[in-house]
Amino acid sequence: MKHRWLGIVGTALLVGTALPTLVVAQTDKSYARIAILRPHDGDTVDFEAGYIRHLEWHRQAKDTWVWYGWNVTFGERQRWFVYASFGHSAASLDNPVTAAEDERDNILNVTPHAQFVGNALYEYLPGLSRGTGEPQPTARLELTTVDLNPGAAKAFEAALGAGQSTLQGETLWYRMVAGGTAPRYVRLRPRPSLSAVLGERSEQALPGGVDRLIVKTTVEILTLRPTMSLGLGSPSRER
C-alpha cells in the first residue's frame, strides 16, 4: 500500500508539473494575421461586393475566426483595404478553413477586383501594451508601422516597456514574425472617433531616444467596415 501511495503521489506531481505547460499551450493566443488588399482603380464597388460574398463563404464554411475589415482613410494607401484576425494560438494557425476552397472562392470573388499586397504574421507583446491583444471594434483605428535598424529590436522593446505603465487608452503592440522587412513593429490604437484620435496626439509620440533606432515610421488612420468584417460584436459608431 505504501508503494502504491508513493506511485499515486508521484503521478500527481508529474501531472501537476505538466499541467501549467499544457494550460499555457492551450491558452496561448498571442498571434495575429494582418493582410492588405489594393482595389483596382475604378473597381472599388465591385471589390467590396466581391469581398462581402467571400465573407459569406467563410460564414457558410463555419469559420470560427473573427475577421476585422478596415479602409485606409488617411494615409498614402488611401482606399486600400486592411483585413486582420487576432488572438490565435500557434496551433490554430495550422487549422484555418479549407485552404484550397478558400483560395478558389478568393479567385472567383476577390482577385478580379484587387491585388494582394501584404500578408504578415505578428506576435502580440502584452508587456508593451494596454489591452487584450484583440482590438475593440471601434469606428476608427490608428495604425502605426515602425521599421527598425538591424539589431535595434531589443533596445526598442526596452524603451516601450519602460513607458507601458503610462499608457492611457487601448494601445496594442505587435512584433512581425514573418511577411515583410524586419525588424518591424505595428501599434494599433482603436478609438471611437476621428476627434478622439486627434485629441490624443500627445500619446502618438514614441518614447524619447528611440529615433536613432528607427528607419521609418508610418501613421495611418483606418475606418472600420462592419459589413466587410466577420464575427465582430457591436462595433462602436463614430461620434
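The values are calculated or read from the model by the stated rules, or taken from the named source; none is laboratory data. Values in this document were obtained by computation on a predicted structure and should not be read as measured data. Cβ coordinates were reconstructed from backbone atoms using ideal geometry, including for glycine residues, and neighbour counts include every protein chain displayed. Remember, those area values only see protein heavy atoms, side chains included, never the ligands or the DNA or RNA. Shrake-Rupley method; radii C 1.70, N 1.55, O 1.52, S 1.80 Å.
Taking Ala205 as the residue in question, decide whether it is among the hydrophobic types (A, V, I, L, M, F, W, C), surrounded by fewer than 18 Cβ atoms within 10 Å (Cβ to Cβ) and in contact with a Gly (Cβ under 9 Å, 6 or more places away or on another chain).
no
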Which of the residues belonging to the stretch 162-186 are within 16 Å of Leu213 (Cα to Cα) and open to solvent by less than 30 Å² (accessible area, probe 1.4 Å)?
Pro183, Tyr185, Val186
Any residue at all in the stretch 45-52 that is open to solvent by less than 30 Å² (accessible area, probe 1.4 Å), within 20 Å of the chain's Cα centre (by Cα) and more than 19 Å from Tyr174 (Cβ to Cβ)?
yes
When Gln136 is run through (1) in a loop (DSSP other than H, G, I, E, B); (2) at pLDDT below 95, the failure sits at (2)
When both residues are 6+ apart or on different chains and their Cβ atoms are under 8 Å apart, which pairs have a first residue that lies in the stretch 67-81 and is open to solvent by less than 50 Å² (accessible area, probe 1.4 Å), and a second that is part of a loop (DSSP other than H, G, I, E, B) and aliphatic (A, V, I, L, M)?
Tyr68/Leu232
Mind telling me which of the residues Val146, Val215 ends up being at pLDDT 95 or above, assigned to a strand (DSSP E or B), open to solvent by 70 Å² or more (accessible area, probe 1.4 Å) and among the aliphatic types (A, V, I, L, M)?
Val215
